[in-house]
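Read through the structure below, which is laid out as C-alpha cells, and then see the notes.
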Amino acid sequence: MKRWGFFLLLVSGMLFPLFSIEWPTDSRTIRRSFGMNGGGRFFGGFEFTTESPIYTIDAGEVLFFDNDFYTPIRGFPSPLQNWIAIEHQEALISIYGKLEGVSERASALIDKGTPLGIPRKQRGTGERLLYFSLYDRENKQWVHPALLLPSYEDTKAPLIRQVQLVPRDGTAAVVLGRTRTCKQGTYQIYLDVIDTFDANPSITTVPFTYQCFVNGIEHSRLQVDTLYVKEGKLLMGKQKSFPVEQVYRKDGLLYLGDIQLTRGKVKIEFLVTDLAGNQRTSTFDLMVE
Amino acid sequence: MQKKNIVGYSVIPLFVIFLYILLASQPIPEEVSLAPHWIVDLTALSAQGPETPPSQGVVPFKSGSFFGYIGVDGKGGGLLPMNGAVTYSRNWWIDFVDPSRPITLRNPSRTIQTTIEQVPGYPFFLEDRLFFIDEEQRSLFRYTEEGKFLWSYTFPGICTGLSSGTNRLVAGTLEGLLVVLDVTNGKELYRFEPGGSRRSLILSSAISKNDTYIALVAGLEPQRFLVLEQFKNTYKVLYHRYLSSNYRRPVWCTIVKDEWVLYEQPEGIGILHLFSKKFWFLSFPEKYRSYRIKKIGGTEQQGIVGVLLSQEKNHALLTIRLPDTILGIAPYEAGETDLTTVQDTFYLSSDTRFISFSFIEGR
C-alpha cells in the first residue's frame, strides 16, 4: 500500500504550512479532478458524484452564497447553481457548488464538518454532483484540492498511452514506440496519459507531474498543482507556468514543450508521477536521420 | 421725510418677497397618474409563438412553466416551448439543457437564427448580445448572433456579477476585483480593488448605459457602496459610503437613466443622484420590510422606478418617483412573477396575467 508521500507533503507544505482539512463528502467518486482536460479547458476543482451530505472542510466564515439560479441580479444564470464560499485560515476559500439549496445563516462563522445540504439533481442526467474547489486568495490561484485533503489509498501508477512528436512543418506525427526513426527537425511533444486510483478504478484522474528527459537530462517538466489567471488567460503550474491553451489540446493530448532533434541516436524518457507518488516511465530510442 | 420712510418700509418687504420668489421657490410638482394599457390572459395564448412580430417590437416574459413573447401593444403574443432553462432577450431566445448539448438561437417567431454545436458554457444575453459563462463561473465568451466566436476573457476568481453598458462591460469577482472590459473585443480596460474592508469581495456591480458610471457594493465589515466615474481612459471614485449591511449574497445595484443609482439595503433602498451626489434612503412600507427585492426596473425618460418585492408567493410592486416619492404599492399573489420595462412602459407578469401600464406626468 502506498500513500501520498513525502513529495506531496513537501508541495502542500509550501502552499499552506500547518493546515489540515477534511473531505467535503464521504464519497470518493471523483467524476472530474483538478487539471482534467475537458475539450481544451482545465477543470479547476473536484466534481463528486454523490448523494451524501456535504460538510465544511474546516472552520471558517461564510464569504458569499448564491441560492437563485435565475436571479437577474448577477446578469447571468449561475453555472455553479446554489453555491457557497467559505473563507478559512491562511486566506483559503473553499467553494461548494451545485447544492440542493443554500440558506442564509444566522451566524457567518461556521464550524468544521457543518452540514451544507446535499447536491442537487442535475437537469438532463439526473445525477447529483458536487462541485468543490479551493481558491488561495493571497496568491490569487486555484489549488489542487488533493494537496490539502487527507490522503486516500492509491497503488496504481499512471498509464502512458501514447507519445507523439508533431513536426513543426505540419507533416505526419511520429508515434513513439511504433516508429524508431524520424527526420531531424523541431517537434512538439504530446502525451496521452491517464491515472486511476484504488477507490474507483473506473474513474480516470490526472497525474501530478510530467517530465521529459533527453539523453538523461531533464528537458521539460509540467506540474498540475495550481491554476491562476494573468491578463485574462489561464496559466497552470506554480514553479514553472504554462498557458493552459498551449498545454491542453482539444482532443485530450497534453503538450510538453518542443524538442529539437539532430542526426544521431537519441534516448527520450518520460516520467509521469501521480499524487501518491506512483510513477510510470516510458523510454524510447530513436534514430534521427 | 415721512413719505421717504413709507416708501422705504414698503420697498424692503417687496424686495424680500422678490428674493424669496427668486431663490427659494419651487415649481408646482407634476401630478402623476397611472395609465393602464392592457391585460392579457396568458392561459389563452397559443403555443405557437407570436404569429407576426408586431412592428413596434415585442416584450419577453417568463412565469412558472410559461415563456413567450407579446407585442408591446398587447397583441400577437404566444407561448414558446421550454425544455431546459430558457435564456432570452428582446430579439433572441435559447432553450438550454446543459453545456454538453448544442444550442439553437431563435427569434420570437421561433425561426432558427443559428445552431452552435460546441458551447463553452451556459448562454445568456446582456443588452441583446450573446455570451457564455463557463461551468466554473470563471471565463466569459462572446459570440455573434450568427454563432461566431468573438472573444473570451478569464477572471482571476469566480465571477459574482456582470453588467453591460453600450460599449463596456463590468464584472465583479469573489476575491474582490472589479474589471471593465471592452464589449467589442474583450480587452481589459480597467481594474479596481476597493479594499478597505476586513474581507474583500464584490457583491454587485452595475454600469450606466452611457458607460460613464459604475456602481458597486463591495466588502464585508464594513460593506461599502462606491460609484466610479469615467475619467479619460480610466475611472475615478466619485462617491463612497460605508453601509450598515453585511450582505453575503448577490444584492441589487442598478443605474437608472444614467443619473440615479439604486441599491439594496435592509428594509429599504439607497438612492444616489449622480450629478448632485445627494443621497436618500427610502424605507419600504412596514408590511414589506421583510420582503426581498426581486427586480428593479427604471423608465428611460421619466424618473419612475418599479421595485418588485417578494416573499415566497406574496409579491408587491412598489412604484417610486425618484428620488423618494412612493407613487403606490400593489400587493398580489403569484407563483412566479417578473417585471420588465421598455422605454417608459412597465410590463408585469404573473402566473396567468400579463399587464402593461405607464405613468403620465402633467400639471
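Observations on the model:
- Taken over region B:310-343, the criterion of being within 14 Å of chain A (Cβ to nearest Cβ), within 25 Å of A:E104 (Cβ to Cβ) and in contact (Cβ under 8 Å) with a residue 12 or more places away in the chain is satisfied by B:S310, B:Q311, B:G335, B:E336, B:T337, B:D338, B:L339.
- Scanning region B:121-137 for residues that are among the charged types (D, E, K, R), under 23 Å from the mean Cα position of the chain (by Cα) and at negative phi yields a single hit, B:R129.
- Residues in region B:117-143 that are among the charged types (D, E, K, R), under 23 Å from B:R191 (Cβ atoms) and facing chain A (nearest Cβ under 8 Å): B:D134, B:E136, B:R138.
- Restricting A:L149, A:L134, A:L99 to residues that are more than 11 Å from chain B (Cβ to nearest Cβ), surrounded by 15 or more Cβ atoms within 10 Å (Cβ to Cβ) and touching a Phe, Trp or Tyr at 6+ places or on another chain (Cβ under 6 Å) narrows the list to A:L149.
- Checking each residue in region B:135-150 for being in contact (Cβ under 8 Å) with a residue 24 or more places away in the chain and not aromatic (F, W, Y) picks out B:E135, B:L140, B:R142, B:E145, B:E146, B:G147, B:L150.
- Summed over region B:245-277, residues that are out of contact with any strand residue (DSSP E or B) (no Cβ under 8 Å at 6 or more places or on another chain) and either under 25 Å from B:R198 (Cβ atoms) or among the basic types (K, R) (or both) total 1.
- Candidates A:V229, A:V224, A:V244, A:V206: the one that is over 14 Å from the mean Cα position of the chain (by Cα) and aliphatic (A, V, I, L, M) is A:V229.
- Strands (runs of 3 or more DSSP E) completely within region B:311-359 that count 3 or more residues being over 24 Å from B:L274 (Cα atoms): B:314-321, B:325-333, B:345-349
- Some residue of region B:224-236 being among the hydrophobic types (A, V, I, L, M, F, W, C), away from every other protein chain (no Cβ under 14 Å), assigned to a loop (DSSP other than H, G, I, E, B) and over 13 Å from the mean Cα position of the chain (by Cα): no
- Applying the criterion of being within 10 Å of chain B (Cβ to nearest Cβ) and part of a strand (DSSP E or B) to the residues of region A:33-51, the residue that is nearest to the chain's Cα centre (by Cα) is A:F42.
- Of all positions in region B:253-274, none carries a residue that is more than 18 Å from the chain's Cα centre (by Cα) and in contact (Cβ under 8 Å) with a residue 40 or more places away in the chain.
- From the options B:T87, B:T114, residue that is in a strand (DSSP E or B), hydroxyl-bearing (S, T, Y) and either within 12 Å of another protein chain (Cβ to nearest Cβ) or under 23 Å from the mean Cα position of the chain (by Cα) (or both): B:T87
- Residue satisfying all of: in region A:102-131; of a type in the set (G, A, S) and either more than 20 Å from B:P250 (Cα to Cα) or touching a residue at least 24 places away in the same chain (Cβ under 8 Å) (or both); nearest to the other protein chains (Cβ to nearest Cβ) among these: A:G124
- Among (1) at pLDDT 95 or above; (2) farther than 24 Å from A:L227 by Cβ - the single one B:L174 does not satisfy: (2)
- Among residues of region A:242-256, those that are more than 14 Å from chain B (Cβ to nearest Cβ) and in contact with a Lys or Arg (Cβ under 9 Å, 6 or more places away or on another chain), counted: 2
- Residues (free of Cβ contacts under 8 Å to residues at least 40 places away in the same chain, buried (at least 17 other Cβ atoms within 10 Å of the Cβ), among the hydrophobic types (A, V, I, L, M, F, W, C) and under 21 Å from B:K148 (Cβ atoms)) located in region B:63-122: B:W93, B:I94, B:F96, B:I103, B:I116, B:V119
- Count of residues meeting criterion [in a strand (DSSP E or B) and surrounded by 12 or more Cβ atoms within 10 Å (Cβ to Cβ)] in region A:261-276: 9
- The one condition in (1) acidic (D, E); (2) within 9 Å of chain B (Cβ to nearest Cβ); (3) surrounded by fewer than 15 Cβ atoms within 10 Å (Cβ to Cβ) that A:E22 fails to fulfil: (2)
- Number of the condition not met by A:E245 [criteria: (1) within 26 Å of A:D136 (Cβ to Cβ); (2) among the acidic types (D, E); (3) part of a strand (DSSP E or B)]: (3)
- Applying the condition of being in contact with a Ser or Thr (Cβ under 6 Å, 6 or more places away or on another chain) and more than 22 Å from B:T299 (Cα to Cα) to region B:184-211 and asking which residue is nearest to the other protein chains (Cβ to nearest Cβ) yields B:I202.
Table: residues versus (1) within 12 Å of chain A (Cβ to nearest Cβ); (2) at pLDDT 95 or above; (3) buried (at least 23 other Cβ atoms within 10 Å of the Cβ); (4) out of contact with any Cys (no Cβ under 9 Å at 6 or more places or on another chain).
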position	(1), (2), (3), (4)
B:E145	no, no, no, yes
B:L150	no, yes, no, yes
B:N167	no, yes, no, yes
B:V170	yes, yes, yes, yes
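- Test for B:L140: is it touching a Cys at 6+ places or on another chain (Cβ under 9 Å), among the aliphatic types (A, V, I, L, M) and surrounded by 20 or more Cβ atoms within 10 Å (Cβ to Cβ): yes
- Condition met for A:Q89 (more than 30 Å from B:Y88 (Cβ to Cβ), within 14 Å of chain B (Cβ to nearest Cβ) and surrounded by fewer than 22 Cβ atoms within 10 Å (Cβ to Cβ)): yes
The values are calculated or read from the model by the stated rules, or taken from the named source; none is laboratory data. Worth saying up front: this structure is predicted, and the values here are computed from it rather than measured. Every residue, glycine as well, gets a Cβ built from its backbone with ideal geometry; the counts of neighbours run over all protein chains shown.
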